[in-house]
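J.: There's a structure below that I have some questions on.
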Amino acid sequence: MPIFLDTNVPLGYIFKWDPWHSYATNAFKNKDLKYWSNTVVNETNHKLKEHKKKLSKFFIRYIL
């Protein structure tokens, strides 16, 4: 049966420290067809940019 992935699933898969990472990993391991909407793609991209900014600020402030 096809699986519709919402924005939280790819984000949980991408970020290992996300509380939903193990569930997202299992969703991607599932051999069923996966799909998402253009809205999910746009939301995921937006959230990735937000996380990138936060991580960049963290590394600049605390690591460098």
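The values are calculated or read from the model by the stated rules, or taken from the named source; none is laboratory data. This one's a predicted model, so the numbers in the text were calculated from it and none came from an experiment. Glycine gets a Cβ as well: all are built from the backbone with ideal geometry, and neighbour counts include every protein chain shown. Note: areas computed on protein heavy atoms with side chains; ligands, DNA, RNA excluded. Shrake-Rupley method; radii C 1.70, N 1.55, O 1.52, S 1.80 Å.
J.: What value, in deg cm²/dmol to 500, does the helix sum -39500 (n - 2.57) over DSSP H runs of n ≥ 4 give at 222 nm once divided by the residues of the chain?
T.: Calculated from helices alone, the mean residue ellipticity at 222 nm is -18000 deg cm²/dmol.
J.: Quick one: angle between helix 38-58 and the longest Cα principal axis of the chain, in degrees between 0 and 90, rounded to 10, please.
T.: The answer is roughly 20 degrees.
J.: Moving on. Can you give me the % of accessible surface on segment 1-40 that is carbon or sulfur? Probe 1.4 Å, all protein chains present, nothing else counted.
T.: Ligands and nucleic acids excluded, carbon and sulfur give 60 percent.
J.: Assign unit charges at the C-beta atoms only (+1 for Lys and Arg, -1 for Asp and Glu), then state the dipole size of the chain relative to its Cα centre in Debye, rounded to the nearest 20.
T.: For this selection, approximately 360 debye.
J.: Measure off 7 Å from each Cα along the Cα-to-Cβ vector at residue 55 and residue 33, then give the distance between these two points in nanometres to one decimal.
T.: Modelled inter-label distance: 3.2 nm.
J.: Here's something else I'd like to know. Taking H placed 1.01 Å from N in the peptide plane, check which residues at least 5 places from residue 15 or on another chain put their amide H under 5 Å from its amide H.
T.: Correct list: empty.
J.: Whose amide H sits under 5 Å from the amide H of residue 34, counting only residues 5 or more places off or on another chain, with H placed in the peptide plane?
T.: 3
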